[in-house]
Each structure stands twice: as C-alpha cells, then as structure tokens.
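For reference, the structure discussed in these notes is given below.
The values are calculated or read from the model by the stated rules, or taken from the named source; none is laboratory data. Everything numeric here is computed off the predicted structure, so don't read it as measured data. Here Cβ is always computed from backbone atoms with ideal geometry, including for glycine, and neighbour counts include all displayed protein chains.
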Amino acid sequence: MRRAVGRSGGRADRRMGRSRLAGYVSRVAVGALLLSAHPPIRLSAQADTTRPAPAPPPLAVRVVPTDTLRRIKPLDAFWRSLVLPGWGQARTGRHVAGAVFVAWEGVTIAMTVKAKRELAYMEEIGSGNVEGKRQEVQDWLVLLIFNHLMAGAEAFVAAHLQDFPEDLKLRAVPGGVGVSLPLPRP
C-alpha cells in the first residue's frame, strides 16, 4: 500500500509540480512579451535610424527677424566712421554718439583752420612765436586724426554689440553695485 500511495502521491505531486512550472513559465513568457512590446528607450544623443531625417525648409520660406535687417557688419561700421566720424554710429542706431563725433570733428577742423591762418599771419609779420603756432596746428591735426580713429573703434564695438539686450541695467544698491538682466519667459 505504501507503494500505491507513494506512486499515486508521486504522480499527483509531479502533475501539481508540472502545472506550477507551466504557470511560472507562462507568467515569465507573458512578462517578457510585455517588456519587449514597448518601443526601445533611446538616449537623446542617439540617432534614430528608423525614421528619415526631416527635410530642411526651402529657402523661400525662411523668415528673417525684422531686427536683423538693419544690422551692419563691424568692419563696415569701422570704415564708415574712419572716413566720416558719426556715419558708422548713425548706421548702428547710435545717433547721439554719432552727433558727438560729428561735433568734435567740426571743432577740430575749425581750430586747425584757425591755427593755420594764425601761423600764416605770424610767418608774414616775422613773429618769434612761429614754432609754438606750428605745434598748435600739429596738435589740432592729431586730435582730428584721433577723432577719426576713436569714431571707427566705437562704431566697430557698437556693431558687435547690436545683439546685446538693451534691458541690461547697472544700478547702485545698498551693498554695492547690482546688475539686472530680465530674461524672456518661454
């Protein structure tokens, strides 16, 4: 009897074990199927080779922001202000700075002409101060050339800073100096 119980119990145990094993195997198979059903997780730097790359928009559709239409290249601004101080500043939208350079240009030209006339008069009468007056003419000419160079350099820098936000503010605060720069909200 023992054998019969052992055999029948053994068969039942084996059947029960097989059904449990089949249950586990089916659960694992369903889990693996579910895990493999979702799309693969890719890192943002990995290229997606399953989709073709989007075509770039045609050139005729490209829209240029309006603020870039009046921009000037830095070397163009430099040469304009080197030739005529204030021209590069006017082209970059810095009209007050351009007016200051034009006004100083007028002063230096007028003073150079005045000093040359005085020099001619002093040479005509044979004055002893001719060397001092020649030095004055040279000084005004140096200031005239310096105005051209500084106007060119200022226009060059202003052309580089055309993209710089105008809202940047430098303020005195109780603990020292503070800088504020408003950032656009997305």
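Of the residues Gln162, Gln135, the single one that is at pLDDT 90 or above and either of a type outside the set (Phe, Trp, Tyr) or part of a helix (DSSP H, G or I) (or both) is Gln135. Restricting the first member to region 149-161 and to residues that are closer than 8 Å to Ser81 by Cα, and the second to residues that are of a type outside the set (A, V, I, L, M, F, W, C), the beta-carbon pairs closer than 6 Å and six or more apart or on different chains are Ala151/Ser81; Ala151/Pro85; Gly152/Ser81; Ala155/Ser81; Ala155/Gly88; Ala155/Gln89.
Cβ-Cβ contacts under 7 Å between residues 6 or more apart (or on different chains), taken from a first residue in region 109-120 that is buried (at least 17 other Cβ atoms within 10 Å of the Cβ) to a second residue that is among the acidic types (Asp, Glu) and in a helix (DSSP H, G or I), are listed as Ala115/Glu136.
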